[in-house]
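Please read the structure below before turning to the comments.
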């Protein structure tokens, strides 16, 4: 019997999804439905990926403030993407099928993330402030290098990269979407089987090792999973800085539990719900004025502050 | 027993421990004492294999600990460190329940529940068991972690300054519990202590560290003297007798 609160969130998500599909449906119904369904699938995928990645990263860093975005994971992905366009040239990059370029970027991303973040987590584990500082510096560094490489590019290549850099659900590539679904399903299965181990890991490295976990190997696997999840969300829509922090806090305050069996699905579903609702507001109410990121970060930030002020988030 | 031989450990070229040779007897309470920065906590971390060391060997009952796996070690020794914090919101009973993880891997049996309740009651946590860990005081949190290690029910229990945040009553209760574990259940306890009165009142064996080396070690009654303790802390320590019990005076 799944938790009641999870059923409520899932129900709300399904309602939002249905609303997204059928609101203002007229004219070539099937054509529009197909377009909307692709967009919806991307939104849900990104939501699940961001929610899961954030909870996993907070478990690893033993900290409730840090998220993969704050630590510069998505900036790293964009740097890799830019580097790839730069190295292959605009023409070479365009010749890669979207599926191939996604696979290539994801694999490089996993390698780079594991290499960098395993070292950072190891060095700064005792010192949260240092960890935040390192993360902020790294994020800035990745963004600056990206900006520098973009200066060196010719304008057509630059346009190509820029398309990938901002949150946009308008033009989702179906090849990358299918790959994302497969990746998400794989990671979901792995997490489903290991959720109890994650509960122990959340006690911190020393405690987890004392209880008999091979912590460092698990940390490696989890960093891989986080890198893959960030790749999914960033490849599909670009960076959404604040969403992860928001949904992880909401999931914690709603579930009031340390169990990942509850926290992971809650965060994933809440993130998907916020994205779908945000897109409805953005498309239908704001008539595509402003951007989805602005809608989400504004309303999400407001919600976060209200909950914080009422003492509902700890 | 735990036998440490020729153990050397340094951080970034600075030696923390050098050439430590010491035996921690089984079935005893061993107090690790010494001034700040002597290497007590480091020695405890090295024994519990939390950090890899440069040179040396640590064995438990003849078994080289560096060659054991984490799950096997978790059934042999429980460790309570000084940095105790959990980021997620966890209730005290659930935390103590993690002590049974090495046995049940997340699927608690009725026997596990019994052990958890026992640990909760031993450390005076029954009334707090449904509270969240981040909503109780430092001393209560510390007791919860000690209860978790106790629920782990291992032959060895390693505690790093467990009296730090505890009030008189709970400090004394903790030492009583440890004494009972040793006397009744044949467990072995290694405990880092700063308050010499607790050391001389409860420990059987003393290992004194100073500047990364063993200053002295042996049965409490033989090695803990006015001279040895005064030299160790570079402070006058006077042994006395208070209501028939040994007492040390070093406050002023």
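No value in this document is a laboratory result; all are computed from the given coordinates. The shown structure was predicted, so the numbers you read here are calculated from the model rather than taken from an experiment. Using ideal geometry, Cβ is built from the backbone for each residue, glycine included, and neighbour counts are taken over all protein chains shown.
Just the projected area, averaged over all directions, of the convex hull on the alpha carbon atoms of chain A: how many nm²?
Values: hull surface 67.8 nm².
One quarter of the hull surface, i.e. the mean projection, equals 17.0 nm².
How far apart, in nm, are two points set 7 Å out from the Cα along the Cα-to-Cβ line at residue A:190 and at residue B:3?
It works out to 4.3 nm between the two label points.
Which value at 222 nm does chain A reach when only helices count, each DSSP H run of 4 or more adding -39,500 (n - 2.57), with the total divided by all residues and rounded to the nearest 500 deg cm²/dmol? The partial results should precede the final answer.
Details: 12 runs with 247 residues, N = 314.
Computed ellipticity for chain A at 222 nm equals -27000 deg cm²/dmol.
Sorted by average packing, counted as other Cβ atoms within 10 angstrom per residue and highest first, what order do B:14-20, B:73-79, A:25-31, A:85-91 take? Write out the running numbers ahead of the final one.
Values: B:14-20: 17.0, B:73-79: 21.9, A:25-31: 8.6, A:85-91: 15.4.
So the peptides B:14-20, B:73-79, A:25-31, A:85-91, ranked by packing, come out B:73-79, B:14-20, A:85-91, A:25-31.
Determine the shielding of peptide B:88-100 by partner chains: average, over its residues, the number of Cβ atoms on other chains within 10 angstrom of each Cβ. Show your work: numbers first, answer last.
Values: counts 16, 9, 7, 3, 0, 0, 4, 3, 0, 1, 9, 2, 1.
Counting Cβ atoms of other protein chains within 10 Å of each residue's Cβ and averaging gives 4.
Most exposed first by the Cβ proxy, i.e. fewest other Cβ within 10 Å, how do B:161, A:105 rank? Don't skip to the answer; put the middle values down first.
On the way: B:161 19, A:105 22.
With the sparsest Cβ surroundings first, the list reads B:161, A:105.
How are the Cα pair distances of the range B:1-67 distributed, in percent, across 5 Å bins from 0?
Going from the shortest bin to the longest, the percentages are 4, 16, 29, 29, 15, 6, 1, 0.
On full extension of the chain, what length is gained from residue A:34 through residue A:63, given 0.36 nm per residue of separation minus the C-alpha to C-alpha distance?
Details: separation 29, 0.36 × 29 = 10.44 nm, distance 4.09 nm.
Between residue A:34 and residue A:63, full extension yields 6.4 nm more.
Residue separation times 0.36 nm, minus the C-alpha to C-alpha distance between residue A:162 and residue A:10: what's the value?
Numbers: separation 152, 0.36 × 152 = 54.72 nm, distance 3.40 nm.
Length gained between residue A:162 and residue A:10: 51.3 nm.
What FRET efficiency, computed as 1/(1 + (r/R0)^6) with R0 = 51 Å and r the Cβ-Cβ distance, is obtained for residue A:91 and residue B:50, rounded to the nearest 0.05? Don't skip to the end; give the middle numbers.
Details: r = 53 Å, r/R0 = 1.04.
The calculated FRET efficiency here is 0.45.
Find the Rg to Rh ratio for the range B:54-167, where Rh is the Kirkwood radius over alpha-carbon pairs and Rg uses the same atoms. Walk me through the numbers on the way to the answer.
Numbers: Rg = 14.9 Å, Rh = 14.9 Å.
With Rh from the inverse mean 1/r over Cα pairs, Rg/Rh is 1.00.
Relative contact order of the range A:1-113, please, whole-number percent, based on alpha carbon pairs below 8 angstrom and at least 6 residues apart. Present the calculation step by step, with values, prior to reporting the outcome.
Numbers: 32 pairs, mean separation 16.0, N = 113.
Relative CO of the range A:1-113 lands at 14 percent.
Can you order the peptides B:201-213, A:129-141 by their average number of other Cβ atoms within 10 Å per residue, highest first? Don't skip to the answer; put the middle values down first.
Working: B:201-213: 20.8, A:129-141: 15.5.
With the highest mean Cβ count within 10 Å placed first, the list reads B:201-213, A:129-141.
According to a simple spin-label model (label point 7 Å from Cα along Cα-to-Cβ), what is the distance in nm between residue A:285 and residue A:151?
Here the modelled spin labels are 4.2 nm apart.
In nm, to one decimal, how far is the residue B:75 label point from the residue A:217 one, both placed 7 Å along Cα→Cβ?
About 1.7 nm, to one decimal.
Among B:169, B:251, A:260, what is the fewest-to-most ranking by other Cβ atoms within 10 Å? Spell out each step's value before the answer.
On the way: B:169 9, B:251 5, A:260 26.
Ordered from fewest to most neighbouring Cβ atoms within 10 Å, B:169, B:251, A:260 come out as B:251, B:169, A:260.
Would you mind ranking A:8, B:101 so that the residue whose beta carbon has the fewest other beta carbons within 10 Å leads the list? Don't skip to the end; give the middle numbers.
Working: A:8 12, B:101 28.
Starting with the residue having the fewest Cβ neighbours, the order is A:8, B:101.
Could you work out the relative contact order of chain B? I mean the mean sequence separation of Cα pairs under 8 Å and 6+ apart, divided by the number of residues, in percent. Could the numbers behind the result be given before it?
Details: 448 pairs, mean separation 64.0, N = 252.
Once normalised by length, the contact order is 25 percent.
Counting helices only, and only those DSSP H runs with n ≥ 4, report the 222 nm mean residue ellipticity of chain B as the sum of -39,500 (n - 2.57) divided by its residues, in deg cm²/dmol to the nearest 500. Write down the numbers at each step before the final one.
Working: 10 runs with 87 residues, N = 252.
My calculation for chain B gives -9500 deg cm²/dmol from helical runs alone.
Between the range B:97-163 and the range A:204-280, what is the C-alpha centre distance in whole Å?
27
Within 10 Å of each Cβ of A:210-221, how many other protein chain Cβ atoms are there on average? Spell out each step's value before the answer.
Numbers: counts 20, 15, 13, 5, 3, 1, 1, 1, 0, 0, 0, 0.
Averaged over the peptide's residues, the number is 5.
Please average, across the residues of A:258-264, the number of beta carbons from any other chain that are within 10 Å of each residue's own beta carbon, and give a whole number.
Values: counts 11, 4, 1, 1, 0, 2, 0.
The shielding value for this peptide is 3.
What percentage of all Cα-Cα pairs in the protein assembly as shown are separated by more than 31 Å?
Values: 88357 of 159895 pairs.
The share of Cα pairs beyond 31 Å in the protein assembly as shown comes to 55 percent.
Can you tell me, using C-alpha contacts under 8 Å and at least 6 residues apart, the relative contact order of the range B:183-232 as a whole percent? Mind showing how you got there, number by number?
Values: 34 pairs, mean separation 12.6, N = 50.
Once normalised by length, the contact order is 25 percent.
Quick check on chain B: what are the equivalent-ellipsoid semi-axes from the Cα gyration tensor, as sqrt(5λ), descending, whole Å?
Values: eigenvalues 173, 107, 55 Å².
Over the Cα atoms of chain B, the semi-axes work out to 29, 23, 17 Å.
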